[in-house]
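Chemist: Before I ask anything, let me first share the structure, which is written out below as structure tokens.
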Amino acid sequence: MSVPYETPEEHLEKLLGRALNSFELPDETIARLDSALTFDSSLRSAHHSARRHRETYRHTFLLADGQALTLWELRHNTGPDGEPRTELSHELYTEEEEAHVAAARLVPGGCGADCEGADGQGMLCEPLPPDAFRLVVAPAPLQRAYAPDDSADHARRLLRRAENTDRPGEDIALLLRKALAHQITQAFGHPCRASAARFGFALYEHAFLLSDGREISLWEVEHTATPDGRHMCEVYVSEDMARTAMERRASRTT
């Protein structure tokens, strides 16, 4: 939601002023934002624990030519040394996946520079007593808010980076070529084994709206429960299959 009485110019100035990487934004993007008529800001996803805090915000500006331009803001308290700090850092990105990759790098023992992701933030397991579980309570269901943003290409890239052998097949890939719009949301409520506390686990639903009006969802599991601690993406056709995979991965680390 937009801040009352804050103009698009004021909001943009605030974003650029506090972002550590504002100098990396394309000049073309900044120039286009000069014509912003209004804006809307919303929390996309969040992770909070006793020590670490991480949030991703979506800032969408309506331009004078009728087009919309979105900036993705990552707020976190992880310092350059990887340790939590008292103050928050802010980063800005023009692509949601760029913000997601940046957020994934904040996970202890997480992905390296070549990791690729789809949406923002992961659920991080914190140290707990042996054989204990941590459960994040699911929020109330939200209505679909599809965004027409190269959705067929998004589906193609999602399936391409999936490394699990039981990932969706060619039949699903063919269906998703008809995708007109999509929505990405983080799914909560999955217990992570405390013995895998150094690994990061996250579950996302990628909901697609097809040209014939049908809806189809893919479920993405992102984790670092790999032998070398690298970031890994798995994709499944159902939530149950995805959650089973998460539990299986966590069990292997016990």
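We did not get these values from a lab; they are worked out from the coordinates using the rules stated. Computed from a prediction, not measured in an experiment: that's the story for all the values here. A quick note on method: Cβ atoms are made from the backbone with ideal geometry, for glycine too, and the neighbour counts reach across all protein chains shown.
Chemist: Once a ≥ b ≥ c are taken as the square roots of the eigenvalues of the Cα gyration tensor of region 21-62, is the result rounded (a/c under 1.5), prolate (a/b larger than b/c) or oblate (a/b not larger than b/c)? Can you show the working numbers first?
Modeler: On the way: a/c = 5.22, a/b = 1.87, b/c = 2.79.
Cα axes put region 21-62 in the oblate bin.
Chemist: With a cut-off of 8 Å between alpha carbons and a minimum separation of six or more residues, what is the relative contact order of region 1-94 in percent?
Modeler: Values: 157 pairs, mean separation 25.0, N = 94.
Reported as a whole number, the value is 27 percent.
Chemist: Which whole-Hz ³J(HN,Hα) couplings does region 70-78 yield from phi under the Karplus relation 6.51 cos²θ - 1.76 cosθ + 1.60, θ = phi - 60°, glycine and proline marked x?
Modeler: With coefficients 6.51, -1.76 and 1.60, one gets 10, 10, 10, 10, 9, 10, 7, 10, 8 Hz.
Chemist: Taking every DSSP beta bridge with both residues inside region 1-94, roughly what % is antiparallel (nearest 5)?
Modeler: Numbers: 26 of 27 bridges.
Bridges in region 1-94 that DSSP calls antiparallel: roughly 95 percent.
Chemist: Please list the non-local residues whose amide H lies under 5 Å from the amide H of SER45, H modeled 1.01 Å from N, same-chain partners needing a gap of 5 or more.
Modeler: The list, which skips near neighbours in sequence, is THR56.
Chemist: Then there is this: For region 1-94, just run the numbers: alpha carbon Rg, then divide by 2.2 N^0.38 Å, N being how many residues it has. Write down the numbers at each step before the final one.
Modeler: Details: Rg = 14.2 Å, N = 94, 2.2 N^0.38 = 12.4 Å.
Expressed relative to 2.2 N^0.38 Å, the Cα Rg reads 1.15.
Chemist: Fewest to most neighbouring Cβ within 10 Å: what's the order for LEU15, LEU88? Before the final figure, lay out each step's value.
Modeler: Working: LEU15 20, LEU88 13.
Starting with the residue having the fewest Cβ neighbours, the order is LEU88, LEU15.
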